[in-house]
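Visitor: So that we are looking at the same thing, I have put the structure below in C-alpha cells.
What follows is calculated from the coordinates using simple rules that are stated; it is not laboratory data. Only a predicted model underlies this, so the values are computations on that prediction, with no experimental measurement involved. In this analysis, Cβ positions are derived from the backbone assuming ideal geometry, glycine residues included, and neighbour counts consider all displayed protein chains.
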Amino acid sequence: MSSFFFFFIFILSFLSLLLLISSQTHYPYVYDNYDSKLHSPSFDVSIEGTVVFPWRSPWPQDVNKNGAFSDLIAFVNDGEADVCFYSIATDPPVIGSLEIIQIDPLSYDSASVGNHVLLVNFGRFSCGYDSSGLGFSNVDRFGRRWKSDRGYRVYFSNPNLVKDLGTKRSILGTNQQPNYFPTELYQTAVTHLGNGVLEYELSVDAKRDYLVWFHFAEIDSSVNSAGKRVFDILINEKKVNTIDIFKQVGSFTALNWHYTIKNLNSTTLSVKLVPVIGAPIISGLENYALVPKDLSTVRDQVVAMRALKESLRVPDRMGWNGDPCGPSTWDAWEGVTCHTNKDKSALVVSQIDLGSQGLKGYISDQISLLQNLVSLNLSSNSLEGTLPPGLGQRSLVRLDLSNNKFSGPIPDSLTISSLQLVLLNDNELEGIVPEKVYSIGVHGGAIDLSGNKGLCGVPSLPACPLFWKNGGLSTAGKVSIGVTCFVILGIMVVMVCICVKRRRNDYEFAPPQDLISISAKRNRYHRQKSMMLLEMEQSPTRFSTTLNPL
C-alpha cells in the first residue's frame with residue numbers, strides 16, 4: 001500500500017474544535033478564560049496513534065498572551081489521517097484550526113530517516129526576516145510557518161554586530177522537489193560584522209533525537225570565490241561540519257544540509273556557526289524531534305472494532321474513535337483492553353467490557369477477526385439477532401451475553417474455544433445445546449443457560465423433539481429423510497420402468513411365442529395327413545375294403 005506524507009498544522013485558540021484542510025494562513029488566538037475556569041486546559045494530541053503534543057496547564061505566558069501553533073510531518077499508510085484529542089480530567093481540548101497538506105514522500109530525506117517516525121517541529125526560523133508572526137507561509141508550498149530568528153539568537157557582545165542581509169535576486173535551486181523550500185527563505189540571511197560566532201538556542205525534550213536542517217545561500221556578491229567564507233557548525237559544542245557555500249554551490253544558489261543529533265543531556269539545543277575564514281552566514285534553520293510511531297492495532301482488528309462500533313451502536317460518549325488500542329498511554333476506547341502481539345510489533349484487542357451500556361444492536365460477523373479476544377462482556381443491554389458463527393475464538397475464555405434478546409441457536413464455534421465462563425441466561429436462544437459447551441460446567445468452569453425457553457437437550461433443560469437440534473433438524477434427522485426420499489425415488493423409478501415395458505409390449509405386432517408354436521403344430525398335422533392320404537391313393541390294393549358293392 002502506498003504511503004502519503006502529510007504536514008499537520010495546529011493553531012490553538014479558545015474556539016471550538018475545527019477540522020480544516022486548507023493551505024491558507026490562520027492566526028492564533030489566546031485562551032482568554034473563555035470557559036471561566038481561570039486556567040488553560042490540559043490535553044494531549046495524537047497523530048496516527050502517537051501522542052505528539054502534550055499541552056499542560058498552565059501554558060507558558062507567551063502562549064497565553066499570543067497563542068501558539070504546532071506542526072509536524074507524518075507518514076499515513078492507509079489514506080486516513082487519525083487526529084485525536086484527549087482531555088485530561090474535565091479540561092476540554094481547544095483548537096483554532098487544523099490544516100493537513102500532502103507533501104512529497106521523499107522530502108526531508110525520508111529514505112534515510114524512515115517512515116517509522118514523526119517529525120515534530122521544535123523550532124523553524126528564517127534569518128534576517130524581521131517581520132513578526134508566522135512568516136511567509138503564503139509562498140511556501142508546504143505551508144510551513146517560518147518565524148524570525150531574533151527569538152532564538154544568543155548574543156555574546158554587541159547585538160549590533162549581527163547584520164541582516166537581503167537581496168531581490170533570484171536564488172537557484174529553490175522551490176524544487178522534494179522539499180520545495182521557498183525562494184524567500186534564501187533571499188535573507190544574517191552574518192557577523194566582527195567575524196564572530198553566530199549562536200542560536202532552541203528548547204528541546206532531552207528524551208528525543210533531533211533532525212536539524214540548515215539553510216544557506218551566498219547572497220553577498222563580494223564573496224565570489226571558494227575559500228573566502230568558511231565556517232564550522234557546532235551542535236552542543238560538537239563540530240559536525242565545515243561549510244564553504246561558494247565552493248559547494250556557488251553564489252545566489254540554495255544549499256541545505258541536515259544532521260541528526262542523539263543522546264541529549266540538556267533541554268537546550270545549542271547551534272553555533274564558528275568562523276574559519278571570513279564571517280559565518282545562515283539563511284534559516286529547522287529543528288524536528290524524531291518521535292517514534294507508537295504501536296498500532298492490527299489492521300484486521302481495526303476493521304472488526306469499527307464494525308462492532310456500528311453494529312452495537314456504541315454511543316459517542318464512549319470515545320470509540322481512531323485506533324482502538326493506540327496511543328498505548330491512553331485507554332481511549334472505553335471498555336476496550338489491549339496488549340502487544342507475540343512479536344511485539346502491533347497491538348491486539350484482548351478484552352471488551354460493555355456491560356450495562358444501553359446498547360441496542362447486534363454482534364457483527366466481523367467479530368471473528370478478533371483472534372486474540374480473551375473476554376467479551378455485553379451483558380444487560382438490549383442486543384438482538386443471532387450469535388455469529390465466528391463468535392467462538394480459540395482464545396476466548398470468558399463470555400457474558402446474559403440479559404439481552406439474542407435468538408437462534410448456540411453456534412458450534414463455541415466448542416473450539418477455551419471457555420471457562422459462559423453466561424447466556426435470560427435471552428431467547430433455542431435448539432440443542434452443544435455438548436462441549438455444556439460440559440464447561442462439568443470440567444470446573446461455570447455456565448448459565450437459564451431463561452432461554454427454546455434451549456433443550458442437556459440436564460436441567462427440556463428434552464428436544466426427535467431429530468431436532470439447534471432449532472431445526474439434526475444431522476440424523478436430515479440423513480433419515482434423505483435415505484427415505486432415496487428409497488421412495490428408487491421404487492418410483494422401478495415402477496416407471498415396468499410400466500414403460502408393458503406399454504411397449506402392447507404395441508408389439510409380431511405374433512406371440514405361444515401362437516407361433518400352435519401354428520407350427522397345426523402345419524405339421526396337415527402335412528402328415530396329406531402324406532397319409534397320398535400314400536393310400538397310391539396303394540389301393542394293399543388294403544381291402546369290408547364294404548359290399550351295391
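Visitor: Under 5 Å between amide H atoms, partner at least 5 residues away or on a different chain: which partners does His192 have, H built in plane at 1.01 Å?
Guide: Lys163
Visitor: Can you tell me the relative contact order of the range 391-462? Whole percent, Cα pairs under 8 Å, sequence separation 6 or more.
Guide: Relative contact order, the range 391-462: 31 percent.
Visitor: Which of the three applies to the range 339-448, rounded, prolate or oblate, going by the alpha-carbon gyration tensor with a ≥ b ≥ c and a/c under 1.5 meaning rounded?
Guide: Details: a/c = 1.76, a/b = 1.24, b/c = 1.41.
Oblate, since a/c reaches 1.5 and b/c is not below a/b.
Visitor: Simple spin-label model, 7 Å along Cα-to-Cβ: Ile488 to Leu38 in nm?
Guide: 8.8 nm
Visitor: Defining a contact as two alpha carbons under 8 Å apart and six or more residues distant in sequence, what relative contact order in percent does the range 299-465 show? Before the final figure, lay out the partial values.
Guide: Working: 382 pairs, mean separation 23.9, N = 167.
Averaging sequence separation for qualifying contacts and normalising by length gives 14 percent for the range 299-465.
Visitor: What distance in nm separates the two pseudo spin-label positions at Asn77 and Arg306, each 7 Å out from Cα along the beta-carbon direction?
Guide: Calculated label separation equals 1.5 nm.
Visitor: Moving on to the next point. So the label point goes 7 Å from the Cα of Ser87 along Cα→C-beta, right? Which residues of the range 326-358 then have their backbone N under 18 Å from it?
Guide: 330-335
Visitor: Separation between the Ser382 and Asn241 pseudo-spin-labels, each 7 Å from Cα along Cα→Cβ, expressed in nm?
Guide: 6.6 nm
Visitor: Using modelled backbone amide H atoms (1.01 Å from N, in-plane), which distant-in-sequence or interchain residues come within less than 5 Å of Val52's amide H?
Guide: Here the answer is Val45, Ser46, Ile47, since their amide H atoms fall under 5 Å of that of Val52.
Visitor: Under the 0.36 nm per residue contour assumption, what length would be gained going from the current alpha-carbon distance of Ser439 and Arg141 to full extension?
Guide: On the way: separation 298, 0.36 × 298 = 107.28 nm, distance 6.72 nm.
Stretched out fully, the Ser439 to Arg141 stretch lengthens by 100.6 nm.
Visitor: Which entries in Lys207/Lys239; Lys163/Lys239; Lys262/Lys293; Lys262/Lys344; Lys168/Lys238; Lys65/Lys293 show an alpha-carbon gap greater than 29 Å? If you can, show how the numbers build up before the last one.
Guide: Values: Lys207/Lys239 22 Å; Lys163/Lys239 24 Å; Lys262/Lys293 17 Å; Lys262/Lys344 24 Å; Lys168/Lys238 35 Å; Lys65/Lys293 32 Å.
Beyond 29 Å between Cα atoms: Lys168/Lys238; Lys65/Lys293.
Visitor: Same structure again: Amide H neighbours of His339 under 5 Å, counting only residues 5+ apart in sequence or on other chains, H built in-plane at 1.01 Å?
Guide: The answer is Val348, Ser350.
Visitor: Based on DSSP, what percent of beta bridges with both residues in the range 299-465 are antiparallel, to the nearest 5? Before the final figure, lay out each step's value.
Guide: On the way: 5 of 23 bridges.
For the range 299-465, the DSSP antiparallel bridge percentage is about 20.
Visitor: Identify, among Ser460, Ile416, Cys325, the residue whose Cα sits farthest towards the positive end of the charge dipole of the range 299-465, taking +1 on the Cβ of Lys and Arg and -1 on the Cβ of Asp and Glu, with the dipole about the Cα centre.
Guide: Cys325
Visitor: Could you size up the charge dipole of the range 299-465 around its Cα centre, putting +1 on the beta carbon of Lys and Arg and -1 on that of Asp and Glu, and report it in debye to the nearest 20?
Guide: 200 debye
Visitor: Using Cβ contacts closer than 10 Å as the measure, can you line up Leu461, Leu370 from fewest to most?
Guide: Numbers: Leu461 17, Leu370 25.
Neighbour counts put them in this order, fewest first: Leu461, Leu370.
Visitor: Moving on. Efficiency by 1/(1 + (r/R0)^6): what FRET value for Asn341 and Asp316, r their Cβ-Cβ distance, R0 = 35 Å, to the nearest 0.05? Kindly include the intermediate steps, with their values, before the conclusion.
Guide: On the way: r = 29 Å, r/R0 = 0.83.
Taking R0 as 35 Å, the efficiency between Asn341 and Asp316 is 0.75.
Visitor: Please name whichever of Ser222, Thr167, Ile95 sits farthest to the positive end of the charge dipole of the range 4-292, dipole taken about the Cα centre and charges placed at Cβ: Lys and Arg +1, Asp and Glu -1.
Guide: Ser222
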